[in-house]
1. How fast does segment 55-108 diffuse by Stokes-Einstein, in µm²/s, taking the Kirkwood radius from C-alpha pairs at 4 °C and 1.567 mPa s?
2. I want the antiparallel fraction of DSSP beta bridges within segment 233-347, as a percent rounded to 5.
3. GluC sites (Glu not before Pro), restricted to segment 204-282: which are DSSP loop and have at most 11 other Cβ atoms within 10 Å?
4. Would you please name the GluC sites (Glu not before Pro) within segment 148-212 that are DSSP coil residues with at most 16 other C-beta atoms within 10 Å of their C-beta?
5. For q = 0.21 Å⁻¹, what log10 I(q)/I(0) does segment 36-181 give under the Debye formula with an equal point scatterer on each alpha carbon and no solvent?
6. What relative contact order, as a whole-number percentage, does the chain give when Cα pairs under 8 Å and 6 or more residues apart are counted?
7. Report the gain in length on full extension from Ile176 to Ser194: 0.36 nm times residue separation, minus Cα-Cα distance, nm rounded to one decimal.
8. Take the alpha carbon gyration tensor of segment 24-115, find the square roots of its eigenvalues, order them as a ≥ b ≥ c, and report rounded if a/c is under 1.5; if not, report prolate when a/b exceeds b/c, else oblate.
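The values are calculated or read from the model by the stated rules, or taken from the named source; none is laboratory data. Every value quoted in this text rests on a predicted model; they were computed, and no experiment measured them. No Cβ is skipped: glycine too gets one built from the backbone with ideal geometry, and neighbour counts run over all protein chains shown. These area figures cover heavy atoms from the full protein model, side chains too; ligands, DNA and RNA do not enter into them. Shrake-Rupley method; radii C 1.70, N 1.55, O 1.52, S 1.80 Å.
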Amino acid sequence: MTSTFIGGVEGGATHSKLVICDEQGSIVASVSGPGTNHWMVGIPECARRIMEMATQAKSVTNIPQTLKLKCLGLSLSGCEQEATNKVLENELRTTCPTLSENYVVCSDTAGSIATVSPLGGLVLISGTGSNALLRNPDGTMYNCGGWGNMMGDEGSAWWISHRAMKIVFDDEDNFIKSPHATNVVWQLIKEHFSVETRLDLLDHCYAKFDKPFFAGLCSKLAVAATEGDRLCQQLFTDAGRLLAKAIIALLPRVNEELVRSGELSIVCVGSVWLSWDLLKMGFIKEMNTTSITYGLTLKRLTQTMALGATYLAADAINFNLPRDYSRNYEIFYKHHNSSVVNGNRIE
């Protein structure tokens, strides 16, 4: 058995995945685990969960627990600050001494881009929360969003769920009337949170607030939107507009070298993108408010971003890990300002 193993972790707010690759670049172990956002669970618990996944991964592929990985890439939600990233690395080195010789700690956005291209690109995350990050070929990075539910998360599952609830509250208060009937949305809210009144919801908004559970309402709203509920459809149209706005905000920062092919690669990550058909109209309308000289290629990962974290780990120790980027994604939409839907120009 080869003695060179490199690992990577995809860490989200609700779930995580760890992979281990051998020196040929083949995935020899892949395990799933709970969320590893240290802002939500704390750094010690985050490190414990990572170690637990690594222990399981080594076990299933018969790697000795005492054999350290050459490097472990951690592409985690919430890891945008170098200072706290270093604290997490030190926690792992102290409490998990047999885990890895080296570490790379970065945000989930960085790992997503690395899964698709060595040059860079733009990643737009819309899962429990939302975030956008641009990485240019020269290594410069710029972000839009990623501030959490108190300060942002626009277009995310949490935002859609919260927006649905806010519309119901405002309509019932006669404060701002909903443009569409609220009965379907209100019934879904009651079922999801197991409540009967708006007062019953306050515990879930404050004392018992659980962001992933709150965001879980979104998938039920998506089903209702597909079945024709107008308010649910509007929620996803509005989310599509906001996700497009995040892209537009970063376009002035795009380096010419990144779009030399005539297209900007955008990696779309997160469960909300599974509802692309619902997001599409709002997304296109918003994108057509700006003028760009290149196209946008929206890609979804066909491999876990933990693989991108593994690439970053290999590059950090100058290890030539074989990789085929084309196998890691699929293109689901190409945008130009002359985009049409059902034969009609979207203005």
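1. Values: Rh = 11.8 Å.
Reported coefficient: 110 µm²/s.
2. On the way: 8 of 13 bridges.
The antiparallel fraction comes to roughly 60 percent.
3. Taking segment 204-282 and a limit of 11 other Cβ atoms within 10 Å, the loop GluC sites (Glu not before Pro) found are Glu227.
4. On the way: sites: Glu154, Glu172, Glu191, Glu196; in loops: Glu154, Glu196.
Qualifying residues, ordered by number: Glu196.
5. With one equal scatterer per Cα and no solvent, log10 I(q)/I(0) is -1.26.
6. Values: 695 pairs, mean separation 69.6, N = 347.
The value is 20 percent.
7. Numbers: separation 18, 0.36 × 18 = 6.48 nm, distance 2.53 nm.
Difference between extended and current length: 3.9 nm.
8. Numbers: a/c = 1.64, a/b = 1.33, b/c = 1.23.
Prolate.
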